[in-house]
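The values are calculated or read from the model by the stated rules, or taken from the named source; none is laboratory data. These numbers were taken from a predicted model, which means no experiment stands behind them. All Cβ positions, even for glycine, are placed from backbone atoms using ideal geometry, and neighbour counts span all protein chains on display.
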Amino acid sequence: MQGIFRFRGRRAASAEESTVILSDRQHELLSEESRLLDRLSAALTAFPATDEDREALRRAAEQLGDLFLLVIVGEFNAGKSAFINALLGADVMPEGVTPTTAVINLLRFGERATETLLPDGIIQRTWPANMLDEITVVDTPGTNAIIREHEQLTQGFVPRADLVLFVTSADRPFSESEREFMATIREWGKKIVIIINKIDLLRDDAEREQVVGFVRENVERLLGFKPEIFPVSAMLAQQAKALVDRNPDERDRLWAASDFETLEDYIVETLDEEGRVRLKLLNPLGICEHLADRYLGATHDRLKVLEEDMVTIRRIERQLELYREDMHQQFGFYLDRVENIIHKMNVRGDEFFEDTIRIGRVFDLMNTDKIRIEFERKVVGDTEREIDRAIDELIDWMVEQDLHLWETINEYIDRRRLNKYADELIGEVGGQFRYDRKEKLDSVSRRAQEEVDRYDADAHGRELSMSVRNAVAAVAVAEAGAVGLGALVVAAASTAAVDVTGILAASVLAGVGLFVLPMKRKQARRDFHARSEELQSRLLIVMREQFDHEQNRSITRIDEAVAPYTRFVRSSQGEMERMRD
């Protein structure tokens, strides 16, 4: 019967006296654990973690200097309140066949019985039981409570527990709700002791062994280790303790039948000073391990998402590189085409001067207008239209490639934005990271889609064409004064021809032309080539400059659109790598 009075007769200690006096080694471990909690707290803040997880870590830190928490959980009809009353040897908690514990109850030592509703909705009860000197007993709503908030409260409180006594009923052992709730407790790394209550309902030892075996098998399968299991009868223990010194034979019979002494001995041995300190240190470590594993996993998942984001960014960057390379290659084709048009005109010019500047056509050379008209017909021909057509096709091609580039970027971003696998990886701890990433992707997607939707190829083509023509005219107006690109080349060539034929006509009239015609023909060809090639060179230079300007403008617009997403991904990747390491 000694076990009945295990907690009786002890002096009611003050808070200061009940504080554990730690050894130097324990102080060292406590300090080291506090630093670990601080580092983890900083990491969770940087992540950032959910409010619930940060609160769980904060409470774990508080536990290092708080009382030992003994948490009682289980279904309402498992007899948790009766079990607590039997443990304390008094009717502290109300009992009944319907749920009597609607909120979490904290049982602490007090000189008299009190009941106080705390701001967070928890009821604090005090009772003059010596057991409560250093131990706070937490009675929780049933795992199968009608109001779902009960379970949420319990799940939010369990992470603070140093030791969990899981009470199940012998007539309904290890129910589905208990199994689910125990899985939750397991995730927090709690030390769990299984209490099978109401063994007085079983007929014999065979039924008792059957129930214990059933619970042990299922709990071991769920937790992965053999749990401590205590079959007891809280009702018989209460009856025995109520007798005290009256009817000792009946008292001893009830006490032995309750099997409560084995459980009390276990609690005393587990919660002695050394064991209590060890558990107080292990409990926050269990929470730290759970949170560290959770957020390390979340960090790895985020890094996977960010790496895939980087793949998308590299694809976009590669697409821009290919765009630049392909554009330069194709642009060279259009330049060659313009050069070839001018080259053919030069060949026709050579043939014209060879056929025209000779003695047999002396009188024709005196007719400048006739020579000019013949030059334009035989040499110039369709050169102006061919050059303008080549330039227009070049501009149309550039506009088409610019639109295609935006469509490609939009496709890449949409494919990444709508990737459900990335959302699944980010998971429930996505928080601000999920929001920021989505906002950056949506921003790029909107910009790309707007560019595609409002793209006016005709207007862009006219704008680009005018830009090129004005640039060419700006460097050639002194020679030509024309606006059309083809007209600039033709004007230069025609001017050269008119100049030469005018000189020839003057020479013939002066009576000296017949002797200098071969030299003048050679000079005409040379001047004609020089004039057309000079303007051709200027034309190609300006075309290249305008091409590079338009190409760089397209790439810059895309870079600006993608830049916020790129900065976010690279910055987040660096942060996640630092957290991981």
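If we scan segment 269-286, do we find a residue that is of a type in the set (Ser, Thr, Tyr) and farther than 18 Å from Thr136 by Cα? Quick ask: steps written out before the conclusion?
Quick first cut of segment 269-286, residues of a type in the set (Ser, Thr, Tyr) only: 270.
Pick out the ones that are also farther than 18 Å from Thr136 by Cα and you get none.
For segment 269-286, residues of a type in the set (Ser, Thr, Tyr) and farther than 18 Å from Thr136 by Cα: absent.
Checking Ala161 against (1) under 21 Å from Lys226 (Cα atoms); (2) modelled with pLDDT of 80 or more, only one condition comes out false. Which one?
Exception for Ala161: condition (2).
Looking only at segment 254-301, how many residues end up being charged (D, E, K, R) and modelled with pLDDT of 80 or more?
Residues of segment 254-301 that are charged (D, E, K, R), as a first pass: 259, 261, 264-265, 269, 272-274, 276, 278, 280, 289, 293-294, 301.
Within this subset, residues satisfying the condition of being modelled with pLDDT of 80 or more are 259, 261, 264-265, 289, 293-294, 301.
Total meeting the criteria: 8.
Given the residues Arg59, Arg54, Arg25, which is the only one that is modelled with pLDDT of 80 or more and assigned to a helix (DSSP H, G or I)?
Working: Arg59 fails: modelled with pLDDT of 80 or more; Arg25 fails: modelled with pLDDT of 80 or more.
It is Arg54.
Residue pairs, Cβ under 8 Å, 6 or more apart or interchain, first in segment 300-324 and in contact (Cβ under 8 Å) with a residue 40 or more places away in the chain, second assigned to a helix (DSSP H, G or I) and aromatic (Phe, Trp, Tyr). List them.
Arg302/Phe433; Asp309/Tyr565; Thr312/Tyr412; Ile313/Tyr565; Arg315/Tyr412; Ile316/Tyr412; Gln319/Tyr412
Does Ser169 satisfy the criteria of being touching a Gly at 6+ places or on another chain (Cβ under 8 Å), touching a residue at least 12 places away in the same chain (Cβ under 8 Å) and of a type in the set (Ser, Thr, Tyr)? Spell out how you get there, then give the answer.
Working: touching a Gly at 6+ places or on another chain (Cβ under 8 Å): yes; touching a residue at least 12 places away in the same chain (Cβ under 8 Å): yes; of a type in the set (Ser, Thr, Tyr): yes.
When the stated conditions are applied, Ser169 passes them.
Take Arg570 and decide whether it is of a type in the set (D, E, K, R), out of contact with any His (no Cβ under 8 Å at 6 or more places or on another chain) and modelled with pLDDT under 75. Let's see the steps before the verdict.
Working: of a type in the set (D, E, K, R): yes; out of contact with any His (no Cβ under 8 Å at 6 or more places or on another chain): yes; modelled with pLDDT under 75: no.
No: the conditions fail for Arg570.
Scan segment 188-221 residue by residue and report those that are surrounded by 15 or more Cβ atoms within 10 Å (Cβ to Cβ), out of contact with any strand residue (DSSP E or B) (no Cβ under 7 Å at 6 or more places or on another chain) and farther than 20 Å from Glu261 by Cβ.
Scanning segment 188-221 gives Trp188, Gly189, Asn218.
Please pick out the residue among Ile395, Ile387, Ile413, Ile391 that is modelled with pLDDT of 75 or more, more than 49 Å from the chain's Cα centre (by Cα), closer than 30 Å to Glu325 by Cβ and hydrophobic (A, V, I, L, M, F, W, C). Let's see the steps before the verdict.
Details: Ile395 fails: more than 49 Å from the chain's Cα centre (by Cα); Ile413 fails: more than 49 Å from the chain's Cα centre (by Cα); Ile391 fails: more than 49 Å from the chain's Cα centre (by Cα).
It is Ile387.
So which residues in segment 120-151 are modelled with pLDDT of 75 or more and either of a type in the set (Val, Ile, Thr) or in contact with a Cys (Cβ under 8 Å, 6 or more places away or on another chain) (or both)?
Ile122, Ile123, Thr126, Ile135, Thr136, Val137, Val138, Thr140 - these are the residues of segment 120-151 that are modelled with pLDDT of 75 or more and either of a type in the set (Val, Ile, Thr) or in contact with a Cys (Cβ under 8 Å, 6 or more places away or on another chain) (or both).
If you scan segment 255-268, which residues turn out to be in contact with a Lys or Arg (Cβ under 9 Å, 6 or more places away or on another chain) and of a type in the set (A, V, I, L, M, F, W, C)?
Listed by number, the residues that qualify are Trp255, Phe260, Ile267, Val268.
Restrict the check to segment 78-88 and report whether at least one residue is modelled with pLDDT under 80, assigned by TED's automatic domain parsing to the domain that holds Asp265 and out of contact with any Asp or Glu (no Cβ under 7 Å at 6 or more places or on another chain).
Going residue by residue through segment 78-88, those that are modelled with pLDDT under 80 are none.
No, segment 78-88 contains no residue that is modelled with pLDDT under 80, assigned by TED's automatic domain parsing to the domain that holds Asp265 and out of contact with any Asp or Glu (no Cβ under 7 Å at 6 or more places or on another chain).
Matching residues to (1) in a helix (DSSP H, G or I); (2) within 15 Å of Ile409 (Cβ to Cβ); (3) basic (Lys, Arg); (4) not assigned by TED's automatic domain parsing to the domain that holds Leu320:
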{"residue": "Leu539", "(1), (2), (3), (4)": "yes, no, no, no"}
{"residue": "Arg557", "(1), (2), (3), (4)": "yes, yes, yes, no"}
{"residue": "Ala563", "(1), (2), (3), (4)": "yes, yes, no, no"}
{"residue": "Arg567", "(1), (2), (3), (4)": "yes, no, yes, no"}
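Considering only segment 4-15, I want to know if a residue exists there that is out of contact with any Ser or Thr (no Cβ under 6 Å at 6 or more places or on another chain) and either more than 30 Å from Asp245 (Cα to Cα) or at pLDDT 80 or above (or both).
Checking segment 4-15: at least one residue is out of contact with any Ser or Thr (no Cβ under 6 Å at 6 or more places or on another chain) and either more than 30 Å from Asp245 (Cα to Cα) or at pLDDT 80 or above (or both).
Answer yes if at least one residue in segment 189-203 is touching a Lys or Arg at 6+ places or on another chain (Cβ under 7 Å) and either without any contact (Cβ under 8 Å) to a residue 40 or more places away in the chain or not in a helix (DSSP H, G or I) (or both), and no otherwise. Don't jump to the end; show me each part of the working.
Filtering segment 189-203 for residues touching a Lys or Arg at 6+ places or on another chain (Cβ under 7 Å) gives 199, 202.
Keeping just the survivors that are either without any contact (Cβ under 8 Å) to a residue 40 or more places away in the chain or not in a helix (DSSP H, G or I) (or both) gives 202.
Among the residues of segment 189-203, at least one is touching a Lys or Arg at 6+ places or on another chain (Cβ under 7 Å) and either without any contact (Cβ under 8 Å) to a residue 40 or more places away in the chain or not in a helix (DSSP H, G or I) (or both), which makes the answer yes.
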